[in-house]
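Asks: The structure that follows is given in the form of structure tokens.
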Amino acid sequence: MKKVIIGNHAVSYGVKLARTEVIAAYPITPQTQVVEELSEMCASGDLKARFIKVESEHSAMAACIGASATGARAFTATSSQGLALMHELLHWAGGGRLPIVMVDVNRAMAPGWNVWTDQNDSLSQRDTGWIQLYCETNQEVLDTTIQAFKLAEAVDIPVMVVLDAFFLSHTSEPVDIPDQADVDAFLPKRVARQKLDVDEPHAFGALTTPAVYMEMRLRQQEGMAQAHDAMIAIDAEWGGRFGRSYGPIESYRTEGADLVLVTSGTITSTARYVINQLRDDGQKVGLVKVKMFRPFPTADLRRALGGVKDVAVLDRNISPGHCGIFAEETRAALYDLPDAKRPRVHGYIVGLGGRDVTPDTIMDCIAKARAAAKSAEPEPEDVWVGVKA
Amino acid sequence: MPDDQDRKDFAHGVPTISVSQGSTLANRTGSWKCIQPVYQDRIAPCNAACPVGIDIEGVMNLMRLDRVEDARELLLRENPMPSVCGRVCDHACQRACSRALFDEAVNIHAVERMLGDRTAQPRMSAPPRTRTEHVAVVGSGPAGLACAYHLVRLGYSVTVFEADPEPGGWLRYGVPEYRLPRAVLVREIEFIRAEGVAIQCGVRIGGNLPWKDLERFDAVFLASGARAREGFEWQEQGLLDVRPGVDYLHEVRAGGRGHAGRRVIVVGGSDMAVDCARTALRLGSEPTVLFTAAREEMAADPDTVEEALREGVRFEFFTRVVGLQVSEHPEDEQAIDAIRNMFDSGESAAPGARLVGVACVRLQPEQQAADGSRRTLSVPGSSFVLPADTLLTAPGGEGEEGALPPDLHRRGYILKTDEFGHTSREGFFAGGDLAAEPRTVAHALGSGKRAAIGIDRWLRTRAGDAVPAIEPQALRYGGTGAMSVTRWRGDDPVHRTNELNEVVKFEQLNMAYFQHVAGTPDHHRAPGQSGADFGEANLGLAPDEALAEAKRCFNCGVCNDCELCLIYCPDVAIKRHSSGHGFSLSYKYCKGCGLCVEECPRGAMIMTREGL
Ligand SMILES: Cc1cc2nc3c(=O)[nH]c(=O)nc-3n(C[C@H](O)[C@H](O)[C@H](O)COP(=O)(O)OP(=O)(O)OC[C@H]3O[C@@H](n4cnc5c(N)ncnc54)[C@H](O)[C@@H]3O)c2cc1C
Ligand code: SF4
Ligand code: SF4
């Protein structure tokens, strides 16, 4: 059934179709509508889940951890400062291998107080042991939310589904909402591999000595590697059933391109428009959309970008004192390519704190990349585009 | 750990996480504590307040579970007349209801009424006779009927003797039709009969059946009531127009029209006063009630006063009668001059004289005198005359005693009985208006039940049979409420835990778990209709509304399996009881943090010193 809904409600429908059993959340703009809708679904009985109201995001994640440890399918949603407040518990969830699904609506970090989109909140949680998937459209949000449960439960790693504040969260788009029976066939009830059992209790998160800690981390890392392959398989199965799939990355009109843009989130849609125009002009430009940020799709990017002359990465985030985070990771991924195949990677900082990234902004990035390509001098690692003089 | 052999996935089998090798059951956190919670039901304040002794909380809880038929059964265990009580009882239960301190009391009497009115599954047979003894009951008012009902349910044979042609006492001949329809009363009396109670009407003990004849019974319950007649100083003056209200009501109840004139003055503040006025209104008169103090001080149920006002009954508060005006020729308008104030002259009325007016003064609100006594002063110059054709007296005070065996005397109005209603004469028990009871239907029913327990206890002891070793106090809800026959029988169908006979206080409940929900008040007939005839004035609640009311109940003091303790216990020391009801605590692991005591919404967890 097709419905015109906002991105936040696309999340809610996804969570409902996944037959989530426990929801614990604390409201924060621009996420609030996600759980508001879910609380109504719970109240009306449409969703048979336990909705736990909590006093902070820290408690929300703690409740999800408890629920997930007992074998339940658990969900929460947050944004920005709320996500930051969860930080310690994100490690507990990741290290505890608990398949929780969380939606983060990308919002700038304060100060200055800002509710608009910016990826610094989710990227700050890069090393907590969570899978991160960035979405471009409301349809992708719904599809990814459901897939996320299957992925998380396949590898026992929590998944963060990320969408842009307002551009997705509060913008209505037509979304195809699958039938419950079809989703049930895709995503059966969770079977926990190990769980907290009050009749045979064990201490979870117990003391782990140097003799075993490192192996535990290695297993987590192996799990992340498996997550990459699992994501591809699950996404393909989804595609088979529902006709839509996304992949860890997506190459768009990259055939024969000498310059390829790398984007994530909603900037991708604007970039597609720009690429179409330039291609019509005969320019050889293409686009790679990065959906999966953790585990980082190194091999996919090498395959997609190896041999391209120039790569321009657009980052709606900044690691202060260094550069855009996608650019940094892309450079690192491509560095080991043989000289002949290794592109130059130009990094552009755009759209922080919700500033519009328009076709002109992207054209500006492309022009800068073209100019830099002609120069033998290395460009600075972070070039800021669309800032006032 | 679950077997993952058959799970085909991308991973790895069981992920490596930090989890203890051994079971944490070895860690007996219970050794840390010095205080410990005890899982213990307490008594709801409504249960302790109901003079009948109904397990109201238990009824509400069964309703919450939509077990309406079971709720009715639980109610009938303690009260054979829920339809009557739900209509005429002034519901002390609701004044005690904890919910009144939160938003509005649960409309308990309407729930009771609805359950009573519900058509029940017909019973296959009366309770079996398990005892050989036969008990006589004198009087078929609520006290006598309740005693008989509980006795047959305890296995006895019972015969009720009633002087009137029909059973019911004041319920039949006092309480008017518009408050208690005859059909409702008859249905409940039929129910009591169907339980096996034999009722013989037209038999006056000490009259057409001598007291001596009761000697063939093993025990006797005296419930002959009291008739409040006295208390009006001018009654003896031979005036037909000045009459006890009780006779008026009795006459109307018996099918007559009461012979009152157009302008009816009722003197008094009791339920009877209000009933006289509302009855007169329905018979086409214009009634006025005179009361010596403020409206709030009337003994009558405030709800019925409100209904009377709505219907058009006039009230004159702070008003005292100081004299009657009569005329020997009232039909002659000119003869009004001939009116004499009989009060002033102190003379008796001539035969044929008729009442024409009532002289009154206004009173000041009561003053506290210097010596601490209270005085009522009239307002100087406030005397006035109310035209009147009939004056009905309805005092709220003590009444004339009912029939007593010749050798059983009482001092003043006090017929002394023990805590089981046993009088000074062996084998004679008493209750209701006859005994020292507040004169209400609920107290009458409660005292009948108390005597039934007392008779059972006395007869069993006499026969050398086993008698439950239970203190009278333990039979009463909260130690001071009315007695419960279920407690006496020890066969409560409702699961309870370590019951503590202590009324739970409002402060012991946790209001964080409740939301404000407005109560539903009783429906009434439209003002135009009510008062016009004897159709029922208060219509109660529809079944679904009553069910919703029941669901507002907090279940004060009694665990209703909400599981909050189980959710909050950080040591998983609380588990569901294997019976499926309630919980058990493992003191090996309870470390005495008290979270369960704090969280329990209804005060069913109590903190104690360890070992106590
Ligand atoms: C007009 C009126 C309105 C009232 N309204 C309310 C009200 O709204 N709410 C409330 O709670 N209470 C009300 N009451 C009070 C209530 O009706 C009484 O408290 C209650 O009926 C007392 O019950 P009982 O069984 O003790 O006596 P009764 O109801 O008086 O019954 C005693 C019975 O014993 C019979 N009897 C007497 N002597 C003998 C004998 N020698 N042999 C055989 N039988 C005998 C009588 O005929 C009578 O039937 C009202 C009373 C009146 C009069
Ligand atoms: S008999 Fe009266 S006090 Fe008892 S429950 Fe009924 S209305 Fe309440
Ligand atoms: S809330 Fe329920 S249990 Fe508590 S006093 Fe009121 S009726 Fe009784």
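The values are calculated or read from the model by the stated rules, or taken from the named source; none is laboratory data. Just so we're clear, the structure is a prediction, and the values are computed from it rather than from any experiment. Glycine gets a Cβ as well: all are built from the backbone with ideal geometry, and neighbour counts include every protein chain shown. Surface areas here come from the heavy atoms of the whole protein model, side chains and all, with no ligands, DNA or RNA. Shrake-Rupley method; radii C 1.70, N 1.55, O 1.52, S 1.80 Å.
Asks: If one takes the longest principal axis of the Cα atoms in chain A, at what angle in degrees, from 0 to 90 and to the nearest 10, does the Cα axis of helix A:32-44 lie?
Replies: Result, in degrees: 30.
Asks: Once ligands and nucleic acids are excluded and a 1.4 Å probe is used, how much of B:H259 is accessible, expressed in Å² to the nearest 10?
Replies: Spelled out: B:H259, probe radius 1.4 Å, area about 150 Å².
Asks: Under a straight-distance cross-link criterion of Cα-Cα below 22 Å, which lysines are reachable from B:K449, leaving out those fewer than 8 residues away in the same chain?
Replies: B:K416
Asks: Please compute the contact order of the range A:249-384 in relative form: average sequence separation of alpha-carbon pairs under 8 Å and at least six residues apart, divided by the residue count, as a percent.
Replies: Once divided by the residue count of the range A:249-384, the mean separation gives 25 percent.
Asks: Measuring from label point to label point, each 7 Å out along Cα→Cβ, what is the B:W32 to B:K588 span in nm?
Replies: Label at B:W32, label at B:K588, 1.8 nm between them.
Asks: According to the square roots a ≥ b ≥ c of the eigenvalues of the Cα gyration tensor, what is the shape class of the range A:249-384, taking rounded for a/c under 1.5, prolate for a/b larger than b/c otherwise, and oblate for the remainder?
Replies: rounded
Asks: With a cut-off of 8 Å between alpha carbons and a minimum separation of six or more residues, what is the relative contact order of chain A in percent?
Replies: 15
Asks: Return the calculated 222 nm mean residue ellipticity for chain B, to the nearest 500 deg cm²/dmol, obtained by summing -39500 (n - 2.57) across DSSP H runs with n ≥ 4 and dividing by the residue count. Intermediate values should be presented prior to the final figure.
Replies: Working: 19 runs with 161 residues, N = 612.
Calculated from helices alone, the mean residue ellipticity at 222 nm is -7000 deg cm²/dmol.
Asks: So, taking all protein chains as they sit and a 1.4 Å probe, how much accessible area belongs to A:M292, in Å² rounded to tens?
Replies: Rounded to the nearest 10, the figure is 0 Å².
Asks: Rounded, prolate or oblate: which fits the range B:453-612 when a ≥ b ≥ c are the square roots of the eigenvalues of the alpha-carbon gyration tensor, with rounded for a/c under 1.5 and prolate only if a/b beats b/c?
Replies: Numbers: a/c = 2.78, a/b = 1.24, b/c = 2.25.
It is oblate, given that a/c is not under 1.5 and a/b is not larger than b/c.
Asks: I'd like the accessible area for A:S39: 1.4 Å probe, protein heavy atoms, all chains in place, Å² to the nearest 10.
Replies: The accessible area comes out at roughly 40 Å².
Asks: Same structure, new question: Using only the alpha-carbon atoms, what does chain B span along each of its principal axes? Please give whole angstrom values in decreasing order.
Replies: 116, 58, 54
Asks: Out of residues 5 or more away from B:V266 or on other chains, whose amide H comes under 5 Å of its own, with H placed 1.01 Å from N in the peptide plane?
Replies: Amide H neighbours of B:V266, under 5 Å, 5+ apart: B:T288, B:V289, B:L290, B:L392.
Asks: Follow-up. Could you pull out every residue, at least 5 positions away or on a different chain, whose amide H is within less than 5 Å of the one on B:G53? Hs are placed 1.01 Å off N in the peptide plane, and Pro or chain starts have none.
Replies: Close amide H contacts, sequence-distant or interchain: B:A482.
Asks: Less than 18 Å apart at the alpha-carbon level, and either on another chain or at least 8 residues along: which lysines does that give for B:K588?
Replies: Correct list for B:K588: B:K33, B:K575.
Asks: Moving to a separate point now. Keeping every protein chain present and rolling a 1.4 Å probe, give me the accessible area per residue for the protein assembly as shown in Å².
Replies: 43
Asks: Please compute the average number of Cβ atoms from other chains found within 10 Å of each residue's Cβ in peptide A:203-210.
Replies: What the average comes to for A:203-210 is 4.
Asks: Starting from the residue with the highest accessible area, list A:F166, B:F315 in decreasing order, probe 1.4 Å. Provide the component values of the computation, followed by the final result.
Replies: Details: A:F166 55, B:F315 30 Å².
Correct descending sequence by accessible area is A:F166, B:F315.
Asks: For the range B:175-182, take each phi angle, set θ = phi - 60°, evaluate the Karplus expression 6.51 cos²θ - 1.76 cosθ + 1.60, and give the result in whole Hz per residue in order, putting x for glycine and proline.
Replies: So the Karplus estimates, Gly and Pro as x, are 4, x, 4, 5, 9, 9, x, 3 Hz.
Asks: Accessible area lost on pairing A with B, both sides, 1.4 Å probe, Å² to nearest 100?
Replies: Result for this pair: about 2300 Å² buried.
Asks: Using a Förster radius of 51 Å, what is the FRET efficiency between B:T480 and B:A526 based on their Cβ-Cβ separation? Nearest 0.05, please. It would help to have the intermediate numbers written out before the result.
Replies: On the way: r = 42 Å, r/R0 = 0.82.
Efficiency, rounded to the nearest 0.05: 0.75.
Asks: Using a 1.4 Å probe on the protein heavy atoms, what percent of the accessible area of the protein assembly as shown belongs to carbon and sulfur?
Replies: On the protein assembly as shown, the fraction of accessible area on carbon and sulfur atoms equals 52 percent.
Asks: So which aspartates and glutamates can B:K591 reach, going by Cα to Cα under 15 Å and dropping same-chain residues fewer than 8 places off?
Replies: Once the sequence-local aspartates and glutamates are set aside, what remains near B:K591 is B:D571, B:E610.
Asks: At 0.36 nm per residue, and after removing the present C-alpha to C-alpha distance, how many nm does the segment from B:E297 to B:D544 gain when stretched out fully?
Replies: 85.4 nm
Asks: Can I ask one more? Take the cross-link list A:K289/A:K341; A:K3/A:K48; A:K2/A:K195 and give me the ones stretching past 31 Å between alpha-carbons.
Replies: Details: A:K289/A:K341 20 Å; A:K3/A:K48 22 Å; A:K2/A:K195 38 Å.
From A:K289/A:K341; A:K3/A:K48; A:K2/A:K195, over 31 Å: A:K2/A:K195.
Asks: With every protein chain kept in the model, how would you rank A:S122, B:S424 by accessible area, 1.4 Å probe, largest at the top?
Replies: Values: A:S122 0, B:S424 105 Å².
Per-residue accessible area, sorted high to low, gives B:S424, A:S122.
Asks: Sorting A:M214, A:M86, B:M114 by accessible area (1.4 Å probe), largest first, what list results?
Replies: From most accessible down to least: A:M214, B:M114, A:M86.
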